[in-house]
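Heads up, the thing below is written out as structure tokens.
Read-outs: derived from the displayed coordinates by stated rules, not from any lab. The shown structure was predicted, so the numbers you read here are calculated from the model rather than taken from an experiment. Cβ placement follows ideal geometry from the backbone for every residue including glycine, while neighbour counts extend to all protein chains displayed.
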Amino acid sequence: MARFEMTDIICECEKVTLGEIIYAIKEKNCKNLESIINLTGAGKYCGFCSKKEKDFNIPKKKIYLDNIITKLQTQRIRND
């Protein structure tokens, strides 16, 4: 399993880091892709970072916004 740092850039267009995405989800209550786009700008332009199906680059990214959202929501459910 890949390990990611909080400073890893998730959105190249807006230079949004993993830490900023996690903060948006945990602290600002972003629950979906649209709310993350609105708050951080990640995924706003090319959309390559939002989900694998939109990534036409080679090589592909190792993590996408939808993966991060799903992972954190799953952890939150387990912790409740």
- line: the chain: helices (runs of 4 or more DSSP H) wholly inside it with 2 or more residues that are of a type in the set (D, E, K, R) and touching a residue at least 12 places away in the same chain (Cβ under 8 Å) are 18-26
- request: Would you point out the residue of the stretch 34-76, among those that are in contact with a Gly (Cβ under 9 Å, 6 or more places away or on another chain) and hydrophobic (A, V, I, L, M, F, W, C), that is surrounded by the fewest Cβ atoms within 10 Å (Cβ to Cβ)?
  value: I37
